[in-house]
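Report on the following structure.
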Protein chains: 2
Amino acid sequence: MNETNPFKLLGSKIVYQNHWMKVREDSVIRPDGSKGIYGVMESRDSVMIVVLNEAREVYILQTFSYPASAWNWELPGGGTEDEAAEQAARRELVEEAGMTAQSWTQLGNTRVCNGLMSERKTTFLAQDLSFGEKVDSGDKELIREGKFVSFAEIGDMVKRGEIDDGQSLTALYLAQQWLATQQ
Amino acid sequence: MNETNPFKLLGSKIVYQNHWMKVREDSVIRPDGSKGIYGVMESRDSVMIVVLNEAREVYILQTFSYPASAWNWELPGGGTEDEAAEQAARRELVEEAGMTAQSWTQLGNTRVCNGLMSERKTTFLAQDLSFGEKVDSGDKELIREGKFVSFAEIGDMVKRGEIDDGQSLTALYLAQQWLATQQ
């Protein structure tokens, strides 16, 4: 695939940053020849985990989304710190669900919002589980209960709007693709 | 579901904006009682379209992602303007693919990035297609070819990294769920 960039970069500056995000504004010549800007939000790359038990049920947890100002069900995951993606996934699984897994499979690496963000997300399948205590990372008030549910039940929860996190659905798509090759 | 917000809002300000995004920084009392900030990127809500032909193949197009600085395959879609979601989807389908569809089905409404963004995306299924000319909305240099491919071929393209747009996979998850109810 030809990677020719149809934009010409004239300059770049950080216009806002906090601990979790950086917003970059580039000055560009657009593909049509006009001068303009392009804003990009840079955030830490992230991970999401499809935790599968022996009944082939998936672990979901009820978390609070600050931007949506709502509690909802989603798959475990979070931003990477100074660590490899699989290490981040192992850490998040302990922190958010109190679980460890013997078997880890990378299912995909996707862009979260390819028009506005640089963030990429690595999705893992975690199997052969052991159950322990959650490790409080300071976010425990943002997670309520967790539970295992079947793929069919997840489909029903999506239909009812109880799961509306697009990134969780991306992970489930990848998991279903993987499962289809295992049958 | 109890919608209690565990954050207390102290104040809010816009710290950056351009034509496509607004970044809001809220001053908050966090769930653990400490004072802090929460940054949220606000962008236009958006639509994505699973265009299905009579062979049950899906239309994909090769577009340029500025944040990724790469060409890749994804489903048609884009931001809403001052219009309802279905109208935006109809407009995008003409602009990006030169197509109109007689049959429109809303498949879901999902949050794009529930930790950092307020944007919601409505996914539609478009069927009973008519083919015409693309309408140039000023983005034509950012779209190369488009084509219909089977769900199986899409799965292979995802495996090979030729499709890595998470939002397209969210839409495909919703389409597969819908198709499963049609058989």
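Some points to look at:
- Inter-copy spacing of B:E54 label points, which lie 7 Å from Cα along Cα→Cβ, given in nm from shortest upward: 5.1
- In this Cβ point-charge picture (+1 for Lys and Arg, -1 for Asp and Glu), the range B:8-125 has a dipole of about 620 debye about its Cα centre.
- Relative to the 2.2 N^0.38 Å rule of thumb, the range B:127-183 has a C-alpha radius of gyration ratio of 1.38.
- Label-point spacing for B:K13 across the identical copies (point 7 Å from Cα in the Cβ direction), in nm and ascending order: 1.8.
- Distance from the C-alpha centroid of the range B:24-60 to that of the range B:93-117: 14 Å, rounded to the whole angstrom.
- Total accessible area lost when A and B pair, probe 1.4 Å, Å² to nearest 100: 6000 Å²
- With N as its number of residues, chain B has a Cα radius of gyration that, divided by 2.2 N^0.38 Å, comes to 1.17.
- Axis of helix B:85-97 versus longest Cα principal axis of chain B: the two differ by about 50°, to the nearest ten degrees.
- Charge dipole (Cα centre; +1 on Lys/Arg Cβ, -1 on Asp/Glu Cβ; no other charges) of the protein assembly as shown amounts to roughly 580 debye.
- The percentage of C-alpha pairs in the protein assembly as shown whose separation is greater than 27 Å is 47%.
- Nm distances between copies for B:D82, ranked from closest, using label points 7 Å along Cα→Cβ: 5.0
- Computed from Cα positions, the angle between helix B:166-180 and the longest principal axis of chain B comes to roughly 60 degrees.
- Estimated at 0.36 nm per residue, the fully extended path between A:W104 and A:E141 surpasses their Cα-Cα distance by 10.6 nm.
The values are calculated or read from the model by the stated rules, or taken from the named source; none is laboratory data. Because the structure is predicted, anything quoted here is derived from the model rather than measured. For neighbour counting, all protein chains shown are included, and Cβ atoms are generated from backbone atoms with ideal geometry for every residue, glycine included. Accessible surface areas use protein heavy atoms only, side chains included; no ligands, DNA or RNA. Shrake-Rupley method; radii C 1.70, N 1.55, O 1.52, S 1.80 Å.
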